[in-house]
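Each remark here refers to the structure printed beneath this line.
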Amino acid sequence: MRRVFELLLLFVSLFPYGFGQQKETPAELLKKAEQGDAKAQTFLGNSYATGQSVAQDYAEAARWYRKAAEHGDAAAQFPLGLMYSIGRGVPPDHVQAILWYRKAADQGLATAQFILAWQYVSGNGVPQDFVEAVRWYKKAAEQGDAKAQFNLGVMYMRGQGVAQDDAEAVRWYRKAAEQGNASAFSILGISYFAGKGVAQDYAEAARWLRKAIEQGGDAGDAGLQFALASMYDSGNGVPQDYAEAVRWYRKAAEQGNAAAQRRLASMYATGQGVTQDDAEAFRWYRKAAEQGNAVAQFELGIMYMRGQGVAQDYAEAVRWYRKAAEQGDAEAQCNLGVMYMKGQGVAQDYAEAARWYRKAAEQGNVGAQFYLGDMYYQGQGVPQDYTQAHMWLNLAASLVAGDAQEKLAKVRNLVANKMTDAQLAEAQK
């Protein structure tokens, strides 16, 4: 925050009200200032703060700002507040800073109103008070201050100091965006994408997201790049274009966005928008997997199991399946069960296979339900139990259709032929 205040002080000193329009010589300005001319005093304060025409001297700047401020000049009151905030030319004193910000804000200086609101949000020099923050942000926003408009949108979005209202938040974000506020571009894009505070409109979402990204260039927000890539990927708001999706996924992926790395890998694996390349798919899956992306960990396990893009290695497959499985990925849990059942990359262990099948089966994974049902039927890794076998096989059959359902139904019926009516009733229940 100190750095922000320093930049503001430099800004108001370099671009004071009327800077560059003073026709008087330094001697004439000094004479007018000593006679009590507030504008001349403010100009001298600016000169000493920036070292324009005189040696830079913050203490002298503060002295002249104070003289003008005490005459009621808002253009001096605000920078004097900044000097108290950062301790330039005066001892740091947040209470004094607030006093001068308020005097300038009461006179309608939008930048002072914005800073005063900010202080109420942070509780810096005043007790934290979101209602007061909203009041001052609104005053500045209504004068066209883009930063205040954006922050007022944030307050409405969060319901801080005002009733939560997404539509009102969007209204203020739009005002800020129309003045070129890049942060507002991104929030508007996300709002249109999600239909939050505004009717869902993917085309508008793409328009604002692109504006936000263009502000940041290649090193822009990776999350926004990913969002735009996903729109080209799905054809939402823009014509579907896998090559363009790949381009934006790559930008986000190169900045470390795990979701983009995972999707870019899958596009290399399938050859969507790019030449199919298992080695490149493996490379991007690994990057995402190492960041904890469960889907990428699962896919990496498959590549090690099949030897796609990397030498076949069952032990590595098990390692990555386990990472994804421990995060709750049902497909990884099922495949880990298969590895234990077959003894691939790990010692054969039917009980451990059944344990992982159960975790996946309880999440509705059809393959795991079938395998678990079969293990109950065979009594492998679990006590033989036709009721449990029928239940899991029946569940699996209910989740598929066509030939798959017929095949599962046949297995289920084989189990049913060995069951009593009471067991069947219990299985159905």
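Please specify each residue of segment 79-108 satisfying the condition of being crowded, with 24+ Cβ neighbours inside 10 Å and closer than 17 Å to Tyr120 by Cβ. Spell out how you get there, then give the answer.
Quick first cut of segment 79-108, residues crowded, with 24+ Cβ neighbours inside 10 Å only: 79-85, 97, 100-101, 104-105.
The answer is Gly81, Leu82, Tyr84, Ser85, Ala97, Trp100, Tyr101, Ala104, Ala105.
Within segment 52-78, the only residue that satisfies the criterion of being touching a residue at least 60 places away in the same chain (Cβ under 8 Å) and under 20 Å from Tyr120 (Cβ atoms) is Phe78. If you go through segment 356-402 and pick out every residue that is outside any loop (DSSP other than H, G, I, E, B), over 25 Å from Thr420 (Cα atoms) and among the polar types (S, T, N, Q), you end up with 0. Each residue in segment 167-214 was checked for being of a type in the set (A, V, I, L, M), surrounded by fewer than 18 Cβ atoms within 10 Å (Cβ to Cβ) and part of a loop (DSSP other than H, G, I, E, B), and 1 pass. Of the residues that sit in segment 247-268 and are out of contact with any Phe, Trp or Tyr (no Cβ under 6 Å at 6 or more places or on another chain) and part of a loop (DSSP other than H, G, I, E, B), which one is nearest to Asn293 (Cα to Cα)? Going through the qualifying residues, I end up with Gly256. Restricting segment 280-335 to residues that are β-branched (Val, Ile, Thr) and more than 25 Å from the chain's Cα centre (by Cα) leaves a set whose member that is nearest to Glu352 (Cα to Cα) is Val318.
Restricting attention to segment 142-163, the residues that are charged (D, E, K, R) and surrounded by fewer than 17 Cβ atoms within 10 Å (Cβ to Cβ) total 2. Taking residues in segment 226-245 that are among the aromatic types (Phe, Trp, Tyr), and partners anywhere that are assigned to a helix (DSSP H, G or I), the pairs with Cβ atoms closer than 6 Å and at least 6 places apart or on different chains are Phe226/Ala252; Phe226/Ala259; Phe226/Ala260; Tyr232/Glu244; Tyr232/Ala245.
The condition of being polar (S, T, N, Q) and at pLDDT below 95 holds for only one of Gln344, Gln378, Gln333, that being Gln378. I'm checking my understanding of the structure. Among residues of segment 388-411 that are touching a Phe, Trp or Tyr at 6+ places or on another chain (Cβ under 8 Å) and closer than 15 Å to Glu426 by Cβ, which one is surrounded by the fewest Cβ atoms within 10 Å (Cβ to Cβ)? The selected residue is Gln388.
Which one is nearest to Gln200 (Cα to Cα) among residues in segment 215-246 that are of a type in the set (Asp, Glu), modelled with pLDDT of 90 or more and part of a helix (DSSP H, G or I)? Give the steps one after another, and end with the answer.
First, pick out the residues of segment 215-246 that are of a type in the set (Asp, Glu): 218, 221, 233, 241, 244.
From what is left, the residues that are modelled with pLDDT of 90 or more are 233, 241, 244.
Remaining after also requiring part of a helix (DSSP H, G or I): 233, 244.
Working: Asp233: 18, Glu244: 23 Å.
This residue is Asp233.
Does segment 49-58 include one or more residues that are within 28 Å of Gln113 (Cβ to Cβ), part of a helix (DSSP H, G or I), polar (S, T, N, Q) and out of contact with any Cys (no Cβ under 7 Å at 6 or more places or on another chain)? Yes, segment 49-58 has at least one match. Cβ-Cβ distances below 9 Å connect the following pairs, each with a first residue in segment 25-46 that is on the phi < 0 side of the Ramachandran plot, a second residue that is assigned to a helix (DSSP H, G or I) and among the β-branched types (Val, Ile, Thr), and a separation of six or more residues or different chains: Ala33/Thr42; Asn46/Val12. Assess whether Gly125 counts as being closer than 30 Å to Val154 by Cβ, at pLDDT 95 or above and surrounded by fewer than 24 Cβ atoms within 10 Å (Cβ to Cβ). So Gly125 fails the test.
Residue count for segment 363-380 satisfying the condition of being surrounded by fewer than 20 Cβ atoms within 10 Å (Cβ to Cβ) and of a type in the set (Gly, Ala, Ser): 3. On the stretch given as segment 78-98, residues that are in contact with a Leu (Cβ under 8 Å, 6 or more places away or on another chain) and in a helix (DSSP H, G or I) total 8. When residues in segment 403-419 are screened for being under 43 Å from the mean Cα position of the chain (by Cα) and part of a loop (DSSP other than H, G, I, E, B), 0 of them pass.
Contact map, segment 112-128: first residue closer than 25 Å to Gly144 by Cα, second residue part of a loop (DSSP other than H, G, I, E, B), Cβ cut-off under 6 Å, separation 6 or more or different chains; pairs are Phe114/Asp145; Gln119/Gly125; Gln119/Val126; Tyr120/Val126; Tyr120/Asp129. Among the residues of segment 339-359, the one identified as touching a Gly at 6+ places or on another chain (Cβ under 7 Å), among the small types (Gly, Ala, Ser) and closer than 25 Å to Met303 by Cβ is Ala353.
The values are calculated or read from the model by the stated rules, or taken from the named source; none is laboratory data. Not measured: the values here are computed from a predicted model. Glycine also receives a Cβ, built like all others from the backbone with ideal geometry; neighbour counts cover every protein chain displayed.
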